[in-house]
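Worksheet for the structure shown next.
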Amino acid sequence: MTLGKHVVMNPQAAGAILVGLAYLIGSIPFGYLTARLVRGIDIREHGSRNIGATNVGRVLGAKWGSLVLVLDLLKGVIPVAVLPQLFLPADTQGLLHWRVAAGLSTVIGHMYPCWLALRGGKGVATALGVVLCLAPLASAITAVVFALSFALWRIVSLSSILAVTTFAVAQCVLLRPHPLAEAHWSLGLFSLAAPALIIFRHRANIGRLLRGEEPRYESARGSRPE
């Protein structure tokens, strides 16, 4: 192994390290840490009991929720856009597949963090960071759908479900006529698997939506959480 522009090693070993580091980065619980540092509370015991940016915003305020949103988004960007440049040469065979694997790994890390007994967030912000790097056009379409839905109903879970469903459809259309062709099969699978995982993580929200019980988003206004 030598040091140069990036670490030189067996591509399979480098890819495995990349995927492992991606999981660890995804597992960093920024929502949990922010609540501990700002208010000395366990965010998992307040609001919706989720460590994601939405619950942080509800409990601590929009400023802290926005900070967690940005940090969670960066968790998706770094393993896909930065780490591959350190571990894998640009001409590595199957580079796209390794980047996709790293992206999926960091989303799973956010959902099931090793530091919090696999009790993590819904994965929306982290997945957004990933797809901004892997599929920018489909991401832009997805962002428009989320923004319109949130403007109409102010229900984050509904907007997230509509957005990830839109991403799956849009990216498969953009990869037509063969979304699972050899050159980009991993991206095609990711475009189906990641939205499916995110929707699965929203299963409790879906139940509340069907019962008409899902709350609209309102951020805290500086009061301490009960």
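The values are calculated or read from the model by the stated rules, or taken from the named source; none is laboratory data. Bear in mind that the values here come from a model prediction, so they are computed numbers and not experimental data. Positions of Cβ are generated from backbone atoms using ideal geometry, with glycine treated the same way; all protein chains shown enter the neighbour counts.
So here's what we get for this one:
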{"item": "Qualifying residue in the stretch 94-102 (condition: β-branched (Val, Ile, Thr) and outside any helix (DSSP H, G or I))", "result": "no"}
{"item": "Residues satisfying the stated conditions in the stretch 56-72, i.e. closer than 13 Å to residue 36 by Cα and either hydroxyl-bearing (Ser, Thr, Tyr) or at pLDDT below 95 (or both)", "result": "none"}
{"item": "Scan of the stretch 53-87 for residues that are surrounded by fewer than 18 Cβ atoms within 10 Å (Cβ to Cβ) and charged (D, E, K, R), ordered by number", "result": "63"}
{"item": "Residue within the stretch 88-103 that is surrounded by fewer than 18 Cβ atoms within 10 Å (Cβ to Cβ), without any contact (Cβ under 8 Å) to a residue 60 or more places away in the chain and among the hydroxyl-bearing types (Ser, Thr, Tyr) present", "result": "no"}
{"item": "Residue 50 in contact with a His (Cβ under 9 Å, 6 or more places away or on another chain), within 22 Å of residue 107 (Cα to Cα) and modelled with pLDDT of 95 or more", "result": "no"}
{"item": "Residue 200 vs. criteria more than 22 Å from residue 27 (Cα to Cα) and either outside any loop (DSSP other than H, G, I, E, B) or in contact (Cβ under 8 Å) with a residue 24 or more places away in the chain (or both)", "result": "no"}
{"item": "Residue among 163, 194, 181 that is within 19 Å of the chain's Cα centre (by Cα) and within 27 Å of residue 93 (Cα to Cα)", "result": "194"}
{"item": "Residue within the stretch 118-134 that is touching a Cys at 6+ places or on another chain (Cβ under 9 Å), of a type outside the set (Val, Ile, Thr), touching a residue at least 40 places away in the same chain (Cβ under 8 Å) and within 22 Å of residue 171 (Cβ to Cβ) present", "result": "no"}
{"item": "Residue selected from the stretch 23-52 under the condition farther than 22 Å from residue 102 by Cα and touching a residue at least 40 places away in the same chain (Cβ under 8 Å), by the criterion surrounded by the most Cβ atoms within 10 Å (Cβ to Cβ)", "result": "32"}
{"item": "Of residues in the stretch 206-221 being of a type in the set (A, V, I, L, M, F, W, C) and in contact (Cβ under 8 Å) with a residue 40 or more places away in the chain, the one surrounded by the most Cβ atoms within 10 Å (Cβ to Cβ)", "result": "220"}
{"item": "Boolean, residue 55 is of a type outside the set (D, E, K, R), closer than 18 Å to residue 220 by Cβ, under 16 Å from the mean Cα position of the chain (by Cα) and in a helix (DSSP H, G or I)", "result": "yes"}
{"item": "Residue 168 among the small types (Gly, Ala, Ser), more than 20 Å from residue 201 (Cβ to Cβ) and out of contact with any His (no Cβ under 9 Å at 6 or more places or on another chain)", "result": "no"}
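Rundown of residues vs (1) loosely packed, with under 15 Cβ neighbours inside 10 Å; (2) in a helix (DSSP H, G or I); (3) in contact with a Leu (Cβ under 6 Å, 6 or more places away or on another chain), yes/no style:
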position	(1), (2), (3)
141	no, yes, no
168	no, yes, yes
171	no, yes, no
183	yes, no, no
186	no, yes, no
195	no, yes, no
204	yes, yes, no
